[in-house]
Amino acid sequence: MSGIPKNTKPSGCATTSSNCVVWQGPSIPFLNLCNGDTVSDVVAGIADKICKIMEQLSPKNLDFSCLDLTDCPPETFNELFQIIIDEICEIKNTTTAPVTAESLADVEVGVATCLQGLAGGSFVSIDTMVGVLGQYVCNQTATIANLNATIANLTSKVSNLESTVNSITGV
């Protein structure tokens, strides 16, 4: 189309309607076009598919609420891509302070119901929660050790009872 005005034929070409020229290329199921369709059908099919794709991908159909762009959303792909690039650059250039015990001291977390008595409430600072979890693990470890000792003791007593019963009954 470079430099050729609309509705004129290039020099040396015969005037032929695109309805009279047959597509001899391969069938293209995606465009619903077949070998033997007219060039008019092929061009219209391609144009129709492009229009549908452009409408589906239009920035006007996207939700920008998380980017706070409701007042001035992008209207073109270039504007959309520039916003995406700007957001990526902002994230990349964001410097975060290193996490320290002091920076976590004021952050509160929810406490599981079973630990609220040990924690002293339903929300505590992260450093308090770490201590609560450590204490809980230690308590559970001690409980498991006690249960294992009790099981060993009961196993011994059952063995003694079985031996006693066997010696009495002669089994």
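The values are calculated or read from the model by the stated rules, or taken from the named source; none is laboratory data. The structure presented is a predicted model; accordingly, all values stated were derived computationally and were not measured. We place every Cβ from the backbone using ideal geometry, glycine too, and count neighbours over all the protein chains shown. Accessible surface areas use protein heavy atoms only, side chains included; no ligands, DNA or RNA. Shrake-Rupley method; radii C 1.70, N 1.55, O 1.52, S 1.80 Å.
Of the residues making up the range 29-65, not one is in a loop (DSSP other than H, G, I, E, B), farther than 19 Å from F77 by Cα and among the aromatic types (F, W, Y). Against the list (1) modelled with pLDDT of 85 or more; (2) among the polar types (S, T, N, Q); (3) open to solvent by less than 70 Å² (accessible area, probe 1.4 Å); (4) more than 36 Å from the chain's Cα centre (by Cα), the condition N146 fails is (3). Across the range 1-23, the qualifying residues are those that are at pLDDT below 75 and within 52 Å of the chain's Cα centre (by Cα), and the one among them that is most open to solvent (accessible area, probe 1.4 Å) is M1.
For the condition of a type outside the set (A, V, I, L, M, F, W, C) and more than 30 Å from I126 (Cα to Cα), what is the one hit in S103, S27?
Details: S103 fails: more than 30 Å from I126 (Cα to Cα).
Selected residue: S27, the only one of S103, S27 that is of a type outside the set (A, V, I, L, M, F, W, C) and more than 30 Å from I126 (Cα to Cα).
The set of residues from the range 117-145 being touching a residue at least 12 places away in the same chain (Cβ under 8 Å) and not in a helix (DSSP H, G or I) comprises S122, F123, V124, S125.
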